[in-house]
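Derivation of every value follows stated rules applied to the coordinates shown; laboratory data play no part. Source: prediction; values computed, not measured. Note that we place each Cβ from the backbone using ideal geometry, even for glycine, and neighbour counts take in every protein chain shown.
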Amino acid sequence: MAVDLASYAVPADASARKYPEPGHPYRSCFQRDRDRIIHCSAFRRLDFKTQVFVPHQYDHFRTRLTHSLEVAQIGRDLARALGLNEDLVEAVALAHDLGHPPFGHAGETVLNERMTAHGHFEHNRQSLRIVDYLEHPYPQFRGLNLTNAVRHCLAKHETRYDTPASREFDDGLLPPLEGQLVDLADEIAYTSADLEDALAANWIDTADLAGLEIWDNAWRQVAANFPDARPIHKRIRATKQILAIMADNLLAATRTAIAESGVDSSESACRLDARCVRFDEDIRRQFSALQDMLFERVYRHDINRQQNRQAGEILGGLFDAFVDNPDLLPPRYRKRIDAPGAEDKPEGLHRIACDYLAGMTDQFCRKEFTRIQER
């Protein structure tokens, strides 16, 4: 069912590309962006990149790929309810984690430490670098030639654990409402999913959550609706109820903010002093308390910390090996060392090594480490 876009939504075909292309007879520009993203190799590699748990070590925990799909699903539902551009939201959601290196945020920390004197590493910037330069499936230009609206949202992707960084989009403007929505859909998705996975892995149990207001509220609602349900089903439904609580609150708070701001176009939404897509203060406080618990009990769990130490050893060891001996890099990376890069100037060995490592899956990174150790 087609849905009319609100006046503050980004219009279906209003965003230019760096390299002009003719329109498509039945796909909007953002549908084409989405299709380019899901067909690129960086998207496929997300299936073997860590979300929280080692990918495919267990058969039902999230990977970076399934997380991206969940963000897209949540984002589309909320976008439709708000009259925003669903296709733009979906494209941004599917691409928002393309720049994540292997081993999750631990891998990002390692690469940033190694790149401190060479321009740093930040996965949002890397996502933009991937779609603008590193993916190269077209003969007429480098990159995927995504619309400027999608690129703008990727460059300014911001959550509790992500900070946007892009010189090109350092314009003092907010991302459009669609980009703001993806940011919070990301938070909703990873928080509820990480909670569900951590409970399933027995890293925490429901007793650890007692006293957290948002959990207690979700549990009461589930117990009232399904009084005879088995404990495992109550537990699962409570994590889903948290997602529903957050989504419902976002819709209500965002509608109020949009009405009070008086925005009547996507451009005016970007010029506001504060984001319109938001939670109310009470729910944000409850949500933050849950995130604090996850940080201490899940992200800093002994098993996770051990995996993070291994990530440091593997990624750090590979980075140092490639910098010390560039002949260990594949030929297509070696030939880029002195060649003009994304900004038409040589990028240097450190950036090339960083690109190679950031694009690896966890699995391939481990194999490369073993290969080089055995030389």
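Residues ILE214, ILE242, arranged from fewest to most other Cβ atoms within 10 angstrom of their Cβ, appear as ILE214, ILE242. The sum of -39500 (n - 2.57) across all DSSP H runs of n ≥ 4, divided by the residue count of the chain, sets its helix-only mean residue ellipticity at 222 nm to -17500 deg cm²/dmol. Once the chain from GLU113 to PHE295 is taken as fully extended at 0.36 nm per residue, the excess over their C-alpha distance is 63.4 nm. For the chain, averaging the sequence separation of C-alpha pairs within contact (under 8 Å, six or more residues apart) and dividing by the residue count gives a relative contact order of 20 percent.
Taking each residue as 0.36 nm, the span from ILE204 to ASN148 lengthens on full extension beyond its C-alpha to C-alpha distance by 15.9 nm. Along the charge dipole of the chain, Cβ charges K/R +1 and D/E -1, which of ALA253, LEU98, GLY316 sits furthest on the positive end? After comparing all options, I get GLY316. When the Gaussian network model of the chain links Cα atoms closer than 10 Å, the mean-square fluctuations of LEU329, LEU94, LEU357 top out at LEU329. I'd like the distance between the alpha-carbon centres of the range 193-237 and the range 85-159, rounded to an integer number of Å. Measuring centre to centre over Cα atoms gives 34 Å.
Between GLN306 and GLU213, full extension at 0.36 nm per residue minus the direct alpha carbon distance yields a gain of 30.4 nm. Around SER192, what is the net charge, scoring Lys/Arg as +1 and Asp/Glu as -1 over all other residues with Cβ under 11 Å from its Cβ? Residues near SER192 contribute -3 overall. The GluC sites (Glu not before Pro) of the range 333-375 meeting both criteria, a DSSP state outside H, G, I, E and B (loop) and at most 10 other C-beta atoms within 10 angstrom of the site's C-beta, are GLU343, GLU374. Ordering ILE38, ILE258, ILE232, ILE188 from the fewest to the most neighbouring beta carbons within 10 Å gives ILE232, ILE38, ILE258, ILE188.
Rounded to 0.05, the FRET efficiency of the ALA244 and GLU281 pair, given R0 = 22 Å and the Cβ-Cβ distance, is 0.70.
Over the chain, with a Gaussian network built from C-alpha contacts below 10 Å, which listed residue (THR191, THR256, THR116) shows the highest mean-square fluctuation? Comparing THR191, THR256, THR116 in a Gaussian network model of the chain, the most mobile one is THR116. The distance separating the Cα centre of the range 238-253 from that of the range 312-375 comes to 42 Å.
Neighbour counts of C-beta atoms inside 10 Å place CYS153, CYS354, CYS270, CYS365 in the sequence CYS270, CYS365, CYS354, CYS153, starting with the fewest. A simple spin-label model places the labels of TYR26 and ASP13 1.5 nm from each other, with each point 7 Å out along Cα-to-Cβ. Using a Förster distance of 56 angstrom, determine the FRET efficiency expected from the C-beta separation of LEU272 and ARG371, and round it to 0.05. The formula returns an efficiency of 0.60 here.
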